[in-house]
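Let me begin by presenting the structure, written as structure tokens, before commenting on it.
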Amino acid sequence: MKRVFHHPPAPTTGKHYWRGLGDYSNSPEFRQWLEREFPAGAAELKGDEWSRRDFLKLMSASMALAGVGLTSCRRPELHLVPFTKNVEWTIPGKFLYYATAMPRRNGAIPLIATTVDGRPIKLDGNPLHPATGGATDTFTQASILDLYDPTRSKRFVRNGKTSKREDFEAYVGELRNKLSSSHGDGLAFLVQETNSPTRERLRGELEKNLPGMRWCVYEPLLDQEMSSAVEAAFGRWCARDSQIRSRRYRSCIGQRFSRLRPGRSRVSARIYLSSPRQYTQGQHEPALRRGKSVHAHGRDGGPSATLSGQPDRCDNASSCS
Amino acid sequence: MAAHSNVPNTQTCMNCHTQVQKDNPKLEPVRASWNTGNPVEWVWIYRTVDYVYYNHAAHVNRGISCFSCHGPVNHMSTVYLAKPHSMAWCLECHRHPENFLRPEDQVFNLDWKPDDVKPAEFVAKYGQPQDAGEDFSKKQKLSQAEIGQTLKEHWNINPPTNCQGCHR
């Protein structure tokens, strides 16, 4: 309980102790100031039958009574929302695994996606795939978050404003008519490097219909030097497959072993990709020293099955002018 | 019995209710869900927080009845929170499971009473505790403590009371 302190009234008999210089002098200015600063009876609401303290007491009591009936003091009502129709193949409480792949510039990383109720929650390397043996890298592990990215596009947008699918289709139809009348002149695609067969097929179809179009592949980090070196050394473009086996000393000039990028081949996977199950941090080098083979591919060094037979095309920005 | 407690989806309900009681007004929310494709919003009464691991199978397959945690659901017109589901309440049973165990074929019988047990049949099936002073099969009735202790020893039940038993 809060205590209310009051100065005791000045004694009428005996000694009178002054409380300050103003009290001692007791000048009319001081008395005026005192009355202004501490008006007598300020704690009471004068001219009313309720004192200030009574008013607060009453208000707090009414607030407390109001709280008795407040429903918001309970936990909010939550709902369990099951599916209306079952997600195919799922068993409640069990994971469902799908084999999939994450496309990379020079190949793809074979993956197993763990899904719950049709929602992917984890990506792991596919241990049955000979290319990686179940290894993944940090980018693959983090890519699961892309699926739940709040900025992921969910609707059709035109000039920053929500649009409709029909509007988009109308726009594309108009564009197609315009381009086919000019045989694709003025149309250019700026794309990233990939060895997706689907994209190559679509590109072929486009080129057939729109022969004047330009197809430009740009990567900020093309390994132009390595492919030039391979071409200079062997006379033509080819995929490197370095066999580093049972060598006591190895040197790597202008390139680090760790620069062998993911998704290129099994090989790079062995070095670069790490999986907590198979390769822990710091184990790569000892593994190499024990004579594991290390392969490295050249420019198009993805899985060779995907790329073999493809002609060497204009596929970088510098040669696409 | 699975570890996971699942709420069946509308499709499962409608497997039968397109034929059985298909005009029952109580099933209107389910039919509405099936027709519109919107899920039924079941009110979540027994909420186990994410940091608690709970395995239904481990309990139900070892003689803990639905009744022990969910109360007399068969007599509730509206399901309510019958037990607190607090940690102290969980531990009450984990420390003394003999007060709650029952034969596994009575787990789903929410009206089961210890008096329903026939001592001779019970002892023939589950035996009796090591240090039981008397022959249980000769008794007229068995108490919950006697039934529970028998089952506890029979199934070798030793519930975890350490933190990581549930907070894994």
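The values are calculated or read from the model by the stated rules, or taken from the named source; none is laboratory data. This structure is a prediction, so every number in the text was calculated from the model and none was measured. As a convention, Cβ positions derive from the backbone with ideal geometry for all residues, glycine included, and neighbour counts pool all protein chains shown. Side chains are part of the model used for accessible areas, which takes the heavy atoms of the whole protein and leaves out ligands, DNA and RNA. Shrake-Rupley method; radii C 1.70, N 1.55, O 1.52, S 1.80 Å.
Do you know which residues across region A:51-69 are among the charged types (D, E, K, R) and at pLDDT 75 or above?
A:Asp54, A:Lys57
Would you check if B:Tyr51 is open to solvent by 80 Å² or more (accessible area, probe 1.4 Å), within 14 Å of another protein chain (Cβ to nearest Cβ) and not in a helix (DSSP H, G or I)?
Judged against the criteria, B:Tyr51 is not a match.
Based on this model, can you work out whether B:Leu142 counts as open to solvent by less than 60 Å² (accessible area, probe 1.4 Å), under 30 Å from A:Glu77 (Cβ atoms) and of a type outside the set (Val, Ile, Thr)?
Judged against the criteria, B:Leu142 is not a match.
Pull up region A:210-233, narrow it to residues that are among the acidic types (Asp, Glu) and part of a loop (DSSP other than H, G, I, E, B), then point me to the one that is nearest to A:Val191 (Cα to Cα).
A:Glu219
I'd like to know if region B:12-27 contains one or more residues that are more than 14 Å from every other protein chain (Cβ to nearest Cβ), surrounded by 15 or more Cβ atoms within 10 Å (Cβ to Cβ) and of a type in the set (A, V, I, L, M).
Within region B:12-27, one or more residues are more than 14 Å from every other protein chain (Cβ to nearest Cβ), surrounded by 15 or more Cβ atoms within 10 Å (Cβ to Cβ) and of a type in the set (A, V, I, L, M).
Here are some conditions: (1) more than 26 Å from B:His94 (Cα to Cα); (2) more than 7 Å from chain A (Cβ to nearest Cβ). B:Gly37 meets all but one. Which one does it not meet?
Exception for B:Gly37: condition (2).
Identify the single condition in (1) in contact with a Leu (Cβ under 7 Å, 6 or more places away or on another chain); (2) open to solvent by 70 Å² or more (accessible area, probe 1.4 Å); (3) more than 7 Å from chain A (Cβ to nearest Cβ) that B:Trp42 does not satisfy, given that it satisfies every other one.
Answer for B:Trp42: the failing condition is (3).
Do you know which residues across region A:99-116 are in contact with a Pro (Cβ under 8 Å, 6 or more places away or on another chain) and either open to solvent by 70 Å² or more (accessible area, probe 1.4 Å) or within 14 Å of chain B (Cβ to nearest Cβ) (or both)?
Residue satisfying the conditions is A:Ala99 alone.
In this structure, does A:Val116 turn out to be of a type in the set (Val, Ile, Thr) and in contact with a strand residue (DSSP E or B) (Cβ under 8 Å, 6 or more places away or on another chain)?
yes
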